[in-house]
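The next block holds one structure in the form of structure tokens; read it before the comments.
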Amino acid sequence: MELDLMPRKKQKVEAPGSRPSLLAQLAREPEKLFSAAFRQQYGAVCFRYIDDTGNIEVLLISSRDSGRWIVPKGWPMKRKKPYETAEIEAWEEAGVNGVVHKTPVGRYTYLKFLDDGEIAPIIVDLFQIEVTDQKNVFKEKGQRQMAWLAPDEAARRVRELELKSLLVDFTPRGKRRKQEPPLVPDEKPSRQCGNE
């Protein structure tokens with residue numbers, strides 16, 4: 001009789017009803033990554049000037065499911081142009097309004113868990129929004145964290161390599177706009193949403 005003296009690795013057992021990690025799911029079914037067509041989303045690189053020298057901060061928000069740092073983004077909306085969708089997502093997810101540029105400043109790709117448990121490759125076209133107004137009351141308030149960061153720090157916090165590259169090299173397009181005064185903590189918004 002031969003004894004097996006080598007210690008064995010413990011197998012990770014997934015709890016019933018839990019979802020395997022993205023990498024674990026892809027390792028089991030790698031063809032899913034290459035068989036599905038890319039889906040489209042639109043996002044916003046929201047920024048604000050912090051001084052007279054042209055220095056800026058970029059807005060990151062946390063995702064609701066994993067808490068990772070991302071930019072506001074969402075699915076296409078009926079009868080809305082891509083830049084309008086990005087503007088609406090920035091308002092709903094972070095309470096920011098401003099001047100949106102109508103042409104994308106870049107794009108990145110990522111993998112998303114869908115509600116049905118499937119994985120979909122996503123392309124996100126990004127539109128620049130110079131934030132001129134931020135409100136305390138908005139649709140997803142309390143569901144996400146928000147952080148205004150220098151572009152290089154924002155790039156360090158996001159996971160997607162293409163988004164990191166875009167943020168670290170981000171240079172605003174167009175002329176600088178006048179910003180609203182900062183919010184007083186108990187101030188009520190004068191309007192819910194709107195294009196600037």
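The trypsin sites (Lys or Arg not before Pro) found in region 36-88 that occupy coil by DSSP, while having at most 11 further C-beta atoms within 10 Å, are Arg64, Lys78, Arg79.
Around Asp152, with a cut-off of 13 angstrom between Cβ atoms, what is the net charge of the other residues, counting Lys and Arg +1 and Asp and Glu -1?
Details: positive: Arg156, Arg157, Lys164; negative: Glu57, Glu153, Asp169.
Around Asp152, the surrounding residues sum to 0.
Roughly speaking, what is the stretch gain from Glu118 to Arg159, that is 0.36 nm per residue apart minus the C-alpha to C-alpha distance, in nm to one decimal? If you can, show how the numbers build up before the last one.
Details: separation 41, 0.36 × 41 = 14.76 nm, distance 2.03 nm.
This chain segment gains 12.7 nm when fully extended.
When the alpha carbon coordinates of region 46-120 are projected onto the principal axes, the ranges are 48, 30, 22 Å, largest first. Of the GluC sites (Glu not before Pro) in region 50-149, the ones in a loop by DSSP (not H, G, I, E or B) with at most 12 other beta carbons within 10 Å are Glu118. Shown here is the pair-distance distribution of region 77-156: with all Cα-Cα distances grouped in 10 Å bins from zero up to the longest one, the shares run 15, 39, 40, 6 percent. Determine the sum of side-chain charges near Thr85: Lys and Arg each +1, Asp and Glu each -1, restricted to other residues whose C-beta is under 15 angstrom from that of Thr85. Net local charge, Thr85 excluded: +3.
If I compute solvent accessible area with a 1.4 Å probe over the protein chains, what percent of it on region 124-177 is carbon and sulfur?
On the way: 1310 of 2830 Å².
Carbon-and-sulfur percentage of accessible area, whole number: 46.
Name the trypsin sites (Lys or Arg not before Pro) in region 122-166 that are in a loop by DSSP and that have at most 12 other C-beta atoms within 10 Å, would you? Could the numbers behind the result be given before it?
Values: sites: Lys135, Lys139, Lys141, Arg144, Arg156, Arg157, Arg159, Lys164; in loops: Lys135, Lys139, Lys141, Arg144, Arg159.
Hits after loop and neighbour filter: Arg159.
The values are calculated or read from the model by the stated rules, or taken from the named source; none is laboratory data. Just so it is clear, the model here is predicted, and its values are computed rather than measured. Because the Cβ atoms are built from the backbone with ideal geometry, glycine has one as well, and the counts that use them run over all protein chains shown. With ligands, DNA and RNA removed, areas are computed over all heavy atoms of the protein, side chains included. Shrake-Rupley method; radii C 1.70, N 1.55, O 1.52, S 1.80 Å.
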